[in-house]
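Below is one structure, written out as structure tokens; comments come after it.
The values are calculated or read from the model by the stated rules, or taken from the named source; none is laboratory data. None of these values were measured; they are calculated from a predicted model. All Cβ positions, even for glycine, are placed from backbone atoms using ideal geometry, and neighbour counts span all protein chains on display. Quick note on the areas: whole protein, heavy atoms, side chains included, nothing else; ligands and nucleic acids left out. Shrake-Rupley method; radii C 1.70, N 1.55, O 1.52, S 1.80 Å.
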Amino acid sequence: MRDSPITATTDFDRDGVQHGFLKLPHSTDASAWGSIMIPITVARNGVGPTVLITGGNHGDEYEGPIALFDLAARIKADELTGRVIIVPAMNYPAFRTGSRTSPVDSGNLNRTFPGHPGGSITEKIADYFQRRLLPLADWVIDLHSGGKSLDFIPFCAAHVLDDKAQQARCVDAMTAFNAPYSVMMREPDAMGMYDSAAEEMGKTFITTELGGGGTARPATVALAKRGISNVLRHAGVMPGAPEHSQTIRLEMPDHRCFVLSETTGLLEVCLELGDVVSKGQTVARIYDTERTGLSPTAYHSPIDGIFTGRHVPGLISVGDMVAVIAVEI
Ligand code: CA
């Protein structure tokens, strides 16, 4: 396979803190010999584990980028044992436009793995992570939130894996992150995800959903910062023990966790995030907006659980995720 067109202006093997770019040539009308410059920080001190931390895999999710631009500005090499690689905004074109997918090629980076070095801009970014950055890492943290269309209770997640020893390492990292909720997660659409790429390489991988709605809140930003520093301590890259407070363990056992809309209209969500919900309880109603006098379509929880995620915009379409229900372990 051909080399990646992306080059890093940082040296991954040098001690110290380097702030640079992943330089991706992109010839446009505005800039004939131009490049997309994806910010990266590499902080290294001697031999030790490598932790790769990313945000902005989807460009409209903000806890990760805020926590990581902050960490990059503060990190000191002499406090480390090993290496931290920080990319606050993976899908940088999407991040710059505040959109989930790329304005350049409509690429959803988290459905593009393993990518292709000769493909679209988003495929080139995926390929660089797949073949250059992931192989450098022992621990991989990818920070997500709900973006403009979803909102979640703040949780850190690990996936159910065939390799139970690897799954146990991921669960330990999730526990160290110590979000208010810790979720054994099922993906509604796992094909092409960065998560799977990291897990298939045997990495210790965790992800988060720390809120959403296309913004970030003080409490969820604080959770992101604290969680990152907890995992760096857990990995032995930073000194000290992780801070610990209570976390509620949840799982997503099967497809009944996801309530999809089969109507288009005006959304009335009936529960607050974090509420206890019983099987059969109405979680949302959707009103026909063409005329008055029609009863709304009610959506019911298929299981007992915790109201974990919801559609954000006031209007909803057929096929949109109405609600996510997770189950306490
Ligand atoms: Ca996301």
> With (1) more than 30 Å from residue 83 (Cβ to Cβ); (2) not in a strand (DSSP E or B) as the list, and residue 267 as the residue in question, which single condition is left unmet?
Replying inline: (2)
>> part of a loop (DSSP other than H, G, I, E, B) and open to solvent by 10 Å² or more (accessible area, probe 1.4 Å): is that true of residue 118 in this structure?
In response: yes
> When the residues of segment 90-116 are filtered to those that are among the charged types (D, E, K, R) and within 16 Å of the ligand (Cβ to nearest atom), which remaining residue is farthest from residue 35 (Cα to Cα)?
Replying inline: 111
> On the given criteria, is residue 132 surrounded by fewer than 23 Cβ atoms within 10 Å (Cβ to Cβ), in contact with an Asp or Glu (Cβ under 8 Å, 6 or more places away or on another chain) and at negative phi?
Replying inline: no
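Okay, residues lined up against (1) closer than 16 Å to residue 307 by Cα; (2) in contact with a helix residue (DSSP H, G or I) (Cβ under 7 Å, 6 or more places away or on another chain):
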residue	(1), (2)
163	no, no
169	no, no
178	no, yes
184	yes, no
196	no, no
> Across segment 83-117, what is the total count of residues that are touching a strand residue (DSSP E or B) at 6+ places or on another chain (Cβ under 6 Å) and on the phi > 0 side of the Ramachandran plot?
Replying inline: 0
>> Filter segment 160-194 down to the residues that are outside any loop (DSSP other than H, G, I, E, B), touching a Cys at 6+ places or on another chain (Cβ under 8 Å) and either free of Cβ contacts under 8 Å to residues at least 12 places away in the same chain or within 23 Å of residue 89 (Cα to Cα) (or both) and list them by number.
In response: 174, 177
> Looking at segment 42-75, which of the residues that are open to solvent by less than 10 Å² (accessible area, probe 1.4 Å) and assigned to a strand (DSSP E or B) is nearest to the ligand (Cβ to nearest atom)?
Replying inline: 54
>> Suppose the filter is buried (at least 20 other Cβ atoms within 10 Å of the Cβ) and either more than 26 Å from residue 186 (Cβ to Cβ) or among the charged types (D, E, K, R) (or both); does residue 310 pass it?
In response: yes
